[in-house]
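**Student:** Structure provided below as structure tokens; questions to follow.
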Amino acid sequence: MKKVLEIKNYSLALNVNGLLKQAVNNIDLYVEEGEAVALVGESGCGKSLTALSIAGLTPKKSQVLSGEILLNQENVLSYHDQDWRRVRGNEVSMIFQEPMTALDPLYKVGLQIEEASTIHGLSRKKARVRAQQLMEKVGFNDIDKVYKMYPHQLSGGMRQRILICIALMESPTMLIADEPTTALDAMVQRQVLYTMKDVSSSMNTSLLFISHDLDLVSQVCRRVYVMYQGKIVESGLCHDILVEPSHPYTRDLLSSMPSIHKRGKELPAIKGSVPSLESRKNKGCPFAPRCKQAMPICLEINPPNTQKGTRKASCHLLKEENGWIPC
Amino acid sequence: MDTMLAFNDVSFSYKNNRGRVKKVLQNINLTINKGETFALIGESGSGKSTLAELSSRLLLCDSGTITFENQNIQKLKGASLKAFYKNVQIVFQDPYSSLDEKKTICSLIEEPLIIHHVGNKKERLEMVKAMMDEVGLSQMYLHVLPTKLSGGLRQRVAIAIALIIKPSLVILDESVSALDVSIQAQVLNLLVSLQKKLNLTYLFITHDLQVVGYIADRIAVMYRGRIVEIAPTRELFDNPLHYYTRNLIAAGTNNDQKEAQNTFFIEDKEGEGCAFSTLCQRATERCKSEVPELVEIQQDHFVSCFTMLESKKLHQ
């Protein structure tokens, strides 16, 4: 399969009070054509920064330290503003978390969908036809009416669908969704998720789905990357990881989720919280201070990347005799 | 069991300045018992938060009565109203906007004590320190501004503020929804242990079924301003009766994909009939013209649905 997106050994640092602090640490990630891939982790783990890097939207105070991001075999890190104008929408599109703030309250939603294409030179008439086709695809039944509505007249789920339309107007090869359903409630969340999955697969668009909910992403994604403090600590097929997580972080993340089956028992929460960028140490495994199984070596040496079949993980507990080969 | 809070046929509507009326809650009947965790679930806009605001008398209802420990809270005045406010506390959803960022943690937690004239300065400081221990906040945060704290710690501060004046009913309005999974687990554990220790009653509002399944004793399901079903947690998950609840549980627990679909395009239709009748596959003519009442169909299991009632009658 052709790789639409490939991130190789990418590191990004942010300037915090004059000091460069590494927020994304040597990550490797790829997405194949038409594939849905998830990037999972707590807030503050660098998920969003990774996503913004792919769309060329990193903050001004950031600095790329190493690596490359290949989008359709072209390194996007060398792009200038003009290149980005061509690429955004056409090759890579993004859906953001807050459907409330991502739309302009002063324009009708139809116009905002059209704009994604007219800005790339399509006539308004053609753009309108295209917009209405897409609106039908994402499940609106009264298109003419919704077309003339303002964002505040729509519910959260409907607004998120409008954003999906905007992102897909130019049939991008890569769609990045940054926590697109976090602000929605359970039932709507699921509908939006499936809409996004169905529409993007019918257009052969690859999907990079960013979320903190492992359970949720496993419903639509084939592969998952688990990120902690800017590092990818585990990756593999969703199904495998849900059934048998190999990194302690993934395991703790899964077991700390509440459910009816855990009633009356204390939830096995991960102690502490993700340290802020300023207080991070560069020594040892990033998860070691919160890990229940941490050993002295974990605080000293960063665990190597190991591989077992389709899975990759980096943890000192994963030994070669159990089939984990260094890579 | 003793009743702590009871809603008796309560309705509430918002009016905008053009005189348009939007009915938010209609004919709400429910009771919350002492010491239990009572959860309200439902989609956004179904009236959950309005119900919380009515319970804490931040709003006054249009009709019906709300009683707290056998007092009608609508009629409270002066000292008894202040005593009521002391007994009922709310923890809000967003720990970033609910704390004053210009006050230190100490003065934030102390403020309710000052308002209710509890103790002198020295005693209050001791109480604040004890409360911080209770909710798992280190004393090094005593004179720190909330901007320095993470989301989980801020929510602990919000809980400490609510609990410092020893309320009996705590309303948790989406209090864990904005937190990361690992932090959410910490806060849920804290809430459970505090409830046991301080003998608290919780009114827990959320849209997250997993959280509800974990923490609640009884659940009320709301849809468009009405309560459609009330049941103990296990019973509701194993045997949901209202078709809306079935949809909701199917969506949340990922068992049945088909039932969870087709629930999106809802024309906002005011007026007659069961609110869910436009989406319900089993809706009859009666559902579209009459509103079903909430009926106890089994012990402790209330549902408002004509189809369910009739099938029950047939069984008998």
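The values are calculated or read from the model by the stated rules, or taken from the named source; none is laboratory data. Since the model is a prediction, treat every value here as computed from it, not as a measurement. Backbone-built Cβ (ideal geometry, glycine too); neighbour counts: all protein chains shown.
**Student:** How about the range B:191-211: which of its residues are β-branched (Val, Ile, Thr), under 18 Å from B:Phe92 (Cβ atoms) and within 11 Å of chain A (Cβ to nearest Cβ)?
**Tutor:** B:Thr206, B:Val211 - these are the residues of the range B:191-211 that are β-branched (Val, Ile, Thr), under 18 Å from B:Phe92 (Cβ atoms) and within 11 Å of chain A (Cβ to nearest Cβ).
**Student:** How many residues does the range B:139-176 hold that are within 22 Å of B:Lys102 (Cβ to Cβ) and of a type outside the set (A, V, I, L, M)?
**Tutor:** The number of residues fulfilling the criteria is 12.
**Student:** If you scan the range A:1-42, which residues turn out to be among the charged types (D, E, K, R), over 22 Å from A:Gln219 (Cβ atoms) and at pLDDT 90 or above?
**Tutor:** Correct list: A:Lys3, A:Glu6, A:Lys8, A:Asp28.
**Student:** I want to confirm something. Restricting to the range A:138-154 and keeping residues that are in a helix (DSSP H, G or I) and within 14 Å of chain B (Cβ to nearest Cβ), which single residue is nearest to the chain's Cα centre (by Cα)?
**Tutor:** The residue in question is A:His152.
**Student:** Let me ask something additional. Select from the range A:155-182 the residues that are within 14 Å of another protein chain (Cβ to nearest Cβ) and surrounded by fewer than 18 Cβ atoms within 10 Å (Cβ to Cβ) and write down the one among them that is nearest to A:Val220 (Cα to Cα).
**Tutor:** Among those residues, the one meeting the criterion is A:Thr182.
**Student:** Would you mind finding the one in B:Ile105, B:Ile115, B:Ile66, B:Ile109 that is hydrophobic (A, V, I, L, M, F, W, C) and touching a Pro at 6+ places or on another chain (Cβ under 9 Å)?
**Tutor:** B:Ile105
**Student:** Look at the range B:283-309 and say how many of its residues are surrounded by fewer than 12 Cβ atoms within 10 Å (Cβ to Cβ) and more than 24 Å from the chain's Cα centre (by Cα).
**Tutor:** Qualifying residue count for the region: 1.
**Student:** Ok, one more. Hey, can you tell me all the residues within the range B:159-190 that are within 13 Å of chain A (Cβ to nearest Cβ) and not in a loop (DSSP other than H, G, I, E, B)?
**Tutor:** B:Val181, B:Ser182, B:Ile183, B:Gln184, B:Ala185, B:Gln186, B:Val187, B:Leu188, B:Asn189, B:Leu190
**Student:** Evaluate the range A:278-296: report whether one residue or more is small (Gly, Ala, Ser) and buried (at least 21 other Cβ atoms within 10 Å of the Cβ).
**Tutor:** For the range A:278-296, residues small (Gly, Ala, Ser) and buried (at least 21 other Cβ atoms within 10 Å of the Cβ): present.
**Student:** For A:Met227, all conditions in the list (1) buried (at least 23 other Cβ atoms within 10 Å of the Cβ); (2) facing another protein chain (nearest Cβ under 9 Å) hold save one; what is the number of the exception?
**Tutor:** (2)
**Student:** Now for a different question. Just give me the residues in the range B:132-153 being within 14 Å of another protein chain (Cβ to nearest Cβ), closer than 17 Å to B:Asn189 by Cβ and either touching a His at 6+ places or on another chain (Cβ under 7 Å) or part of a helix (DSSP H, G or I) (or both), in sequence order.
**Tutor:** Scanning the range B:132-153 gives B:Gly151, B:Gly152, B:Leu153.
**Student:** Output the residues belonging to the range A:113-153 that are within 26 Å of A:Ser211 (Cα to Cα) and either β-branched (Val, Ile, Thr) or at pLDDT 90 or above (or both).
**Tutor:** A:Ile113, A:Ala116, A:Leu134, A:Met135, A:Val138, A:Pro151
**Student:** Here's a follow-up. Given the options A:Ala23, A:Ala13, A:Ala38, A:Ala51, name the one that is under 23 Å from A:Tyr249 (Cβ atoms), small (Gly, Ala, Ser) and in a helix (DSSP H, G or I).
**Tutor:** So the residue among A:Ala23, A:Ala13, A:Ala38, A:Ala51 that is under 23 Å from A:Tyr249 (Cβ atoms), small (Gly, Ala, Ser) and in a helix (DSSP H, G or I) is A:Ala51.
**Student:** Right, here's the next one. Quick check on my filter: what residues within the range A:250-269 are over 18 Å from A:Gly230 (Cα atoms), at the interface with chain B (Cβ under 7 Å from one of its Cβ atoms) and aliphatic (A, V, I, L, M)?
**Tutor:** The answer is A:Met257, A:Ile260, A:Leu267, A:Ala269.
**Student:** The conditions are (1) outside any helix (DSSP H, G or I); (2) surrounded by fewer than 17 Cβ atoms within 10 Å (Cβ to Cβ), and B:Lys313 fails exactly one of them. Which is it?
**Tutor:** Status for B:Lys313: all satisfied but (1).
**Student:** So which residues in the range B:212-252 are charged (D, E, K, R), within 12 Å of another protein chain (Cβ to nearest Cβ) and in contact (Cβ under 8 Å) with a residue 40 or more places away in the chain, if there are any at all?
**Tutor:** Hits for the range B:212-252 are B:Asp217, B:Glu235.
**Student:** Find the strands (runs of 3 or more DSSP E) located wholly in the range A:165-281 whose residues include 2 or more that are among the charged types (D, E, K, R) and at pLDDT 90 or above, and list them.
**Tutor:** Passing ranges, in order: A:231-237.
**Student:** B:Lys196 versus (1) out of contact with any strand residue (DSSP E or B) (no Cβ under 6 Å at 6 or more places or on another chain); (2) buried (at least 23 other Cβ atoms within 10 Å of the Cβ): which is the lone unmet condition?
**Tutor:** Result: B:Lys196 passes all but (2).
**Student:** Within the range B:11-130, considering only helices (runs of 4 or more DSSP H) that don't extend past its boundaries, which have at least 3 residues that are within 15 Å of the chain's Cα centre (by Cα) and crowded, with 16+ Cβ neighbours inside 10 Å?
**Tutor:** Hits in the range B:11-130: B:48-55.
**Student:** Only one of these conditions is not met by A:Leu193: (1) within 17 Å of the chain's Cα centre (by Cα); (2) closer than 30 Å to B:Gly136 by Cβ. Which number is it?
**Tutor:** For A:Leu193, the exception is condition (2).
**Student:** Then there is this: What number goes with the only condition from (1) surrounded by fewer than 19 Cβ atoms within 10 Å (Cβ to Cβ); (2) at negative phi; (3) in a loop (DSSP other than H, G, I, E, B) that A:Trp84 does not pass?
**Tutor:** Single failed check for A:Trp84: (3).
**Student:** Mind telling me which of the residues B:Ser97, B:Ser107 ends up being under 22 Å from B:Ile183 (Cα atoms) and hydroxyl-bearing (Ser, Thr, Tyr)?
**Tutor:** B:Ser97
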